Structures are given as C-alpha cells and as structure tokens.
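> Right, I'll just put the structure down here and ask away after.
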Amino acid sequence: MAWDIDSKPNRLFRRSRWQLTVWYTGVMAVVLGLSGFGVYEAIAHAHRVTADRELKSVAETVHDAVEKTLSTQGALDGVSPNLLPNLCVAGEACRVPFERSRGHHGGTLYRGSYYIRVLTPTGKLMATAGINPAGLPVVNPELAWQTLTDADGTQYRQIVLPLMDLNNQERLGTLLIGRSFSDFADYLTTIRWTILLSLPITMGLIAAASWWLAGLAMEPVQVSYRKIQQFTADAAHELRTPSLRYKRLPNL
C-alpha cells in the first residue's frame, strides 16, 4: 500500500516532528542563553578583579611616595612627575596645563587613564594629578572602593587610602586614585555583541539539527505504524475472504 503524504496519520507525524523540533530548540536556547550569560559574567568578573589589582598596585606606589614626601617636606613638589603627572597644587601654578600629557605615553598612569587627588584632613582638595574627568565628584567616602561616573557617563573605579605622618602617625590627608573603565566597558560591549550576534546563527543551526533528529526519532514510529496498518488491512482481508468462500459453497 502506498504511503499517502497527505493522509491524516502523516499529518499527525509531521505535527509531532514540529513539536519535537520546537522542544529541542527551546531547551537548547535556554541552555545556550544561560551558558552565554555565565561566560559573560565570568569574563566581566575576571576583568574587574584584574583592574582592581592594577589600581591597588598603582595606588600603593603613589601612596608611599606621597606619604613620605608629606611627612618629610610637607609638600608634594618632591614627588616624581612620573607618579604625579600634570600636578596642580591648590594655590600654586600647575606644572603643565591639566590635560593628558603627551610626554608620558609609556607611563602606567596614562595607559590606564588614572586620576589622582589629594585631600586635606578636612576633605578639601589639596592637589590633583593625572587626567581630569569633567563632572566627576570629589568625595571622601568611608569605603575604600567606590565606582563614580563623570559628566559624560564614563565610569571610574576609585580607591581611597589615608595619608599618615610617618613619625607621629597623625593623619595628613587622603589619597584618591581612580581609573577609567572606558576600555573595560568597550571590551564588554564587544563581548555582548559577539554573544548576541552568534546566538541567532547558532539557534538556526540547532533548529535544523533538531528537525533532522526529530525525523530520526519519528522514523521507527512511522515504520511501526505502517506495519500495523498493513497487518490490519491484511487481517481484514483474510477475515472477509472466508466469509465470501463460505457463501459460495454449494448446498449439500
């Protein structure tokens, strides 16, 4: 018996195949979505930790130099320009105009877009160095770490370290050092777009594979159904045939 592709059983199998395909694709979409989110968060966390370690290392180096100078000289002029580039002390002329210096491209501070602020014990601004983010608030928080945003929406990660007199341990002020997260944000944006753009392509391949796998899964069922249908037809034929023969037997 020929198999009619438009028959009701075949339409039922096709609908079942579509349902299996949708289920396979949906499950894989959830799995890939969670996996992509996990990978993104892992990358973001790793970069945050690395950035914080770098910021802490730079801050400790600058802190030791500034604290020693304030303790011995009472001023910041003795600190190396490599540690305090574009130094501007309150009430005094700046070393150079407060902008990105073109003479320190090899310095760590400029590779990382750092700013440095020194506050008095009362919280007033004593000196600034490094870059000058527009609209970034000058704060003296109790927390050692803080995330700030400037007028352009760029985020900065800031660390706060106290400046102490090395002789009598009196507080000389507070050191604020921050690093721009613009490069970090650009990198994460690239990662997000990569994941978002690759997801539809991957899901298309998964949908095609799911359709093929659903067909393989349904094939034994179709074969079994055909055999049952053939057996039913043969049995019905055999049941009808003896009846016809019995009716044709001559009367004895």
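The values are calculated or read from the model by the stated rules, or taken from the named source; none is laboratory data. Owing to the predicted nature of the structure, the values given are computational and were not obtained by experimental measurement. Cβ sites come from the backbone with ideal geometry, for glycine too, and all protein chains shown count toward neighbours. What goes into the accessible areas is simple: the full protein's heavy atoms, side chains included, and nothing from ligands, DNA or RNA. Shrake-Rupley method; radii C 1.70, N 1.55, O 1.52, S 1.80 Å.
> Please pick out the residue among A214, A185 that is touching a Leu at 6+ places or on another chain (Cβ under 7 Å), of a type in the set (A, V, I, L, M, F, W, C), open to solvent by less than 80 Å² (accessible area, probe 1.4 Å) and at pLDDT below 90.
Sole residue among the options that is touching a Leu at 6+ places or on another chain (Cβ under 7 Å), of a type in the set (A, V, I, L, M, F, W, C), open to solvent by less than 80 Å² (accessible area, probe 1.4 Å) and at pLDDT below 90: A214.
> Moving on. Checking the structure you have, find out if any residue of region 184-191 is among the small types (G, A, S) and touching a residue at least 24 places away in the same chain (Cβ under 8 Å).
yes
> Okay, next question. Would you check which residues across region 163-182 are open to solvent by 50 Å² or more (accessible area, probe 1.4 Å), in contact with a helix residue (DSSP H, G or I) (Cβ under 9 Å, 6 or more places away or on another chain) and not hydrophobic (A, V, I, L, M, F, W, C) and list them?
Within region 163-182, just N167 meets the criteria.
> Of the numbered conditions (1) closer than 30 Å to S71 by Cβ; (2) at pLDDT below 80; (3) acidic (D, E), E238 satisfies every one except a single condition; which is it?
If we test E238 against (1) closer than 30 Å to S71 by Cβ; (2) at pLDDT below 80; (3) acidic (D, E), just (1) comes out false.
> Could you tell me whether A217 is in a helix (DSSP H, G or I) and touching a Lys or Arg at 6+ places or on another chain (Cβ under 9 Å)?
yes
> Okay, next question. Going by the structure shown, is W193 at pLDDT 75 or above and farther than 24 Å from R17 by Cβ?
Yes.
> Any idea which residue in region 150-162 is nearest to M126 (Cα to Cα), counting only those that are open to solvent by less than 70 Å² (accessible area, probe 1.4 Å) and of a type in the set (S, T, N, Q)?
Q158
Residues checked against (1) in a helix (DSSP H, G or I); (2) of a type in the set (S, T, Y); (3) open to solvent by 60 Å² or more (accessible area, probe 1.4 Å); (4) modelled with pLDDT of 90 or more:
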{"position": "T25", "(1), (2), (3), (4)": "yes, yes, no, no"}
{"position": "L32", "(1), (2), (3), (4)": "yes, no, no, no"}
{"position": "H47", "(1), (2), (3), (4)": "yes, no, yes, no"}
{"position": "T61", "(1), (2), (3), (4)": "yes, yes, yes, no"}
